[in-house]
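Undergrad: Below is the structure I would like to discuss, written out as structure tokens.
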Amino acid sequence: MNATAPFVDAAFLANPYPAYQALREAGPLHWSTEFFGGAWLLTRHADVEQVLRDPRFSAQRTGGWVTDREETKGELAGFQQLFARAMLFLDAPDHTRIRKVLNAGFKPAQIQALEPFIAQTVAELLDAVGDAPRFDFMQAVARQLPTRVIAKMMGIEEAANADFAVWSDDLAVFIGAPLATHQQARRAQASLLAMGRYFEKLIAERRKNPGDDLVSRLLQAEADGALHNHAELLAQCAMLLFAGHETTRNLLGNGLQALLAHPDQWQRLQQDPSLVPSAVRELLRFDSPVQYTGRRVATDLQLHGHTLCRGDLVVPLIGSANRDPARHPEPDKLDVAGRDGASISFGSGAHVCIGALLTRIEAEITFRQVLQRWPNLRLADAPPQWADNPAYRGLVALDVVTG
């Protein structure tokens, strides 16, 4: 059936879950003209997880997305050349090869070794708020923490963080738009190429003086032949910076907003802080930072009585799958004590988020410190300001009152 979900409406951006429920109840598969060239929307958990794991659905989808635009014909070639080499948009065997390189920098022991730095950074950010009776959590904490952490991992000087946030935002707007405008595409290209120029300088420095950081690891992988060329190296650097910032920022903001909008759950964490890890997992399910992703059909196939043709765009609605009552009973209820069955907010299968553990640790440390410092924290009267981005769901501002 045809479906038109209001993916760019203000009401949808503020709360997409009633629209997801209507789509799920109408059927598991819908054709939507809201996405570039039209797309099949998958609404239910079982189907979303299947598509994320099934090699018949390809992650290599940037070609038409970037270059098949009359208004920017040929203009975005540099963007496409770099964008398409990122691990996020590759299939096996290239994805497997590059992921093996990056896995070495995301081993649990290495991520856990960052915990003192993360805790210190959170404390510094909260100290900067001081005794203010009211502050914007997004600006004070959520936007700054993940940028500092990924910069630490990559050996980047903190002075560059402000530029990174702008570049990341431009990429998120382009990737997250159901149908990006040529202006959004141009801005994304400018930011991605600016990232590339920054990393060119950093890579030149690391060639002379390698360190114990992700950029140095990637350089060694290039020297060993695990990365095939310099453009492939640059693409991974840029995507690590983007992914390391965007998802964590939105988890922090969405998570705190959800907790404070459910005071009983906030008090439950106050009474039992040991629930924080399960609370983070539940917050990921309840209001996922990534609401949907995309795949291209690699070979003609049948799904729920429809023929999906090679090249068709498929959009697995992660946010809808996480609220599927067939997977999670009472899905609209927030329960910080946790649930049976993990969410798919970090994806599933070969492309599951490589930084999932890091993101959870950053959130756990932040929420523990906020709980301890401001036990009576509450939402300000101003409504939350949601970003105009249906794929990367997050807040522009979140005003909270400390006393």
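Undergrad: At a Förster distance of 41 Å, what's the computed FRET efficiency of LYS100 paired with ALA77, Cβ-Cβ distance as r, to 0.05? Mind dumping the intermediate values first?
TA: Numbers: r = 29 Å, r/R0 = 0.71.
Using R0 = 41 Å, I get an efficiency of 0.90.
Undergrad: Counting Lys and Arg as +1 and Asp and Glu as -1, what is the net charge of the other residues whose Cβ lies under 11 Å from the Cβ of GLY338? Mind dumping the intermediate values first?
TA: Details: positive: ARG281, ARG285, ARG339; negative: GLU282, ASP335, ASP340.
Net local charge, GLY338 excluded: 0.
Undergrad: Could you tell me the number of lysine pairs in the chain with C-alpha atoms less than 24 Å from each other, where the two lysines are 8 or more residues apart or belong to different chains?
TA: Values: LYS100/LYS152; LYS107/LYS152; LYS152/LYS201; LYS152/LYS208.
So the count works out to 4.
Undergrad: Testing the spin-label approximation: label points 7 Å from Cα along Cα→Cβ at ASP388 and ALA356. State their distance in nm.
TA: 3.4 nm
Undergrad: For LEU13 and GLN60, calculate 0.36 nm times their separation in residues minus their Cα-Cα distance, and state this gained length in nm to one decimal. Intermediate values should be presented prior to the final figure.
TA: Values: separation 47, 0.36 × 47 = 16.92 nm, distance 2.71 nm.
Extra length available between LEU13 and GLN60 comes to 14.2 nm.
Undergrad: Which FRET efficiency, nearest 0.05, do ALA26 and SER274 yield, Cβ-Cβ r, R0 41 Å? Could the numbers behind the result be given before it?
TA: Working: r = 41 Å, r/R0 = 1.00.
Computed FRET efficiency for ALA26 and SER274: 0.50.
Undergrad: Can I ask one more? Where the convex hull is taken over the Cα atoms of the chain, what is its projected area averaged over directions, in nm²?
TA: Values: hull surface 76.0 nm².
Quarter of the Cα hull surface area: 19.0 nm².
Undergrad: Also: Let a ≥ b ≥ c be the square roots of the eigenvalues of the Cα gyration tensor of the range 87-143; is it rounded (a/c under 1.5), or, if not, prolate (a/b larger than b/c) or oblate? Each step should come with its number before you reach the end.
TA: Numbers: a/c = 7.46, a/b = 2.28, b/c = 3.27.
Judged from the Cα gyration tensor, the range 87-143 comes out oblate (a/c at least 1.5, b/c at or above a/b).
Undergrad: A further question on this structure: Please give me the summed charge of the neighbours of TYR392: other residues whose Cβ is under 13 Å from its Cβ, Lys and Arg +1, Asp and Glu -1. Write out the running numbers ahead of the final one.
TA: Details: positive: ARG249, ARG393; negative: ASP169, ASP170, GLU246, ASP287, ASP388.
So the environment of TYR392 carries a net charge of -3.
Undergrad: Check TYR392: other-chain or 5+ apart residues with amide H under 5 Å from its amide H, H built from backbone geometry?
TA: Close amide H contacts, sequence-distant or interchain: GLN291.
Undergrad: Would you work out which of VAL166, GLN80, PRO133 lies farthest towards the positive end of the dipole of the chain, given +1 charges on the beta-carbon of Lys and Arg and -1 on that of Asp and Glu, about the Cα centre?
TA: It is GLN80.
Undergrad: Please give, to one decimal in nm, the separation of the simple spin-label points placed at LYS152 and ALA128, each 7 Å out from Cα toward the Cβ.
TA: Between LYS152 and ALA128, the label points sit 1.4 nm apart.
Just so you know, all these numbers are worked out from the coordinates, no wet-lab data involved. Remember, predicted model here, so these are calculated numbers, not experimental data. Cβ: placed from backbone, ideal geometry, glycine included. Neighbour counts: every protein chain shown.
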